[in-house]
Each structure stands twice: as C-alpha cells, then as structure tokens.
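Since every read-out is calculated from the coordinates, none of them should be taken as a lab result. Computed from a predicted structure; not experimentally measured. So basically every Cβ, Gly included, is an ideal-geometry build from the backbone, and we count neighbours across all protein chains shown.
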Amino acid sequence: MAYYDYALLVTTVCFIDAPEIAFREAYRILKTGGFIIVGLIDKDSTLGRKYEEKKSENKFYKDANFHSVHEIQCDLMKAGFSNIEHVQALLPGDTDDNYAPKVKQGYGEGSFVVLRGQKHDA
C-alpha cells in the first residue's frame, strides 16, 4: 500500500456526509508524521452564516452542510490526529476594494480557516 505525506481537503468537508469517516481514511493512508490539511468556511463566521442563510438560493452551496472549526477539530481528533494547528483568512476589514491577503494564527475572526493535524502512530 502507498503511504502519503499529506492529504488535502479544501472546501470539500461541507459536501461530505460524515467527515470523520473521511478523516479516518486519510489517517489510514498517511505515513507516520504525515499531515491532513482541511480548509473550510467556518459556519460560525460572518461569511459562514451568510452562506448558510442563503444556501438554498446558491447553486454551489444548496447541498452544503457547513461545519464549525470546533466540530472539524473534534472529528480530526476522533480520527486519531493530534497537534492540530489553525490559521485563518478573510478577516474583518478585508474587502474587495481594499484587499491585501492576510493570514492570522488561530480561528474565530476569519471566515476561511485551515486546520492541520498530524498522524502519530503508537
């Protein structure tokens, strides 16, 4: 079986019925020390609430099930990942007129969050 250095899921977990199952599969295929990287719109963010409110009108998100960062972090930990880190973007004040890409550690302010977890075998 092939083992990989990382698994990348960007803006996909909102379309997966059971993210924890997908995370367990990612854990299975990763090398020891490998990483899973998950990028999502945080459902608790300004943009996440807007998408959720209007998803029935949106051809891309009408079937989406948005998740909070906390939910995804818990699912990653249940799947066996540890050392989970977060960075966020699409911060308050970022606008189309005055956009300079900014990334900040943590989560809770930005609408787009990236989580990275690491596989550690016992």
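Full extension of the chain between S82 and I16 yields a length gain of 21.6 nm, computed as 0.36 nm times the residue separation minus the alpha carbon distance.
Full extension of the chain between V103 and N58 gives 13.5 nm of extra length, using 0.36 nm per residue less the Cα-Cα distance. Of F60, F23, F35, the residue with the greatest mean-square motion in the GNM of the chain, using alpha carbon springs below 10 Å, is F60. Here the stretch 4-118 is treated with +1 on each Lys and Arg Cβ and -1 on each Asp and Glu Cβ, and its dipole about the Cα centre works out to around 220 debye.
Database remark: amide H of Y6 closer than 5 angstrom to the amide H of F35 (H placed geometrically; neighbours at sequence offset of 5 or more, or on other chains; Pro and chain starts carry no H).
Residues considered: Y61, Y107, Y27. Largest GNM mean-square fluctuation over the chain, using C-alpha springs under 10 Å, is found at Y61. Given the options E53, E20, E109, which has the most mean-square fluctuation in a GNM of the chain, springs set between C-alpha atoms less than 10 angstrom apart? Sorting by GNM fluctuation, first place goes to E53. Residues of the chain were split at every exposed loop site, defined as trypsin sites (Lys or Arg not before Pro) in a DSSP loop with at most 12 other C-beta atoms within 10 angstrom, and the longest piece left, sites excluded, is 1-58. On the beta carbon distance between T46 and H120, with R0 = 35 Å, the FRET formula returns roughly 0.50.
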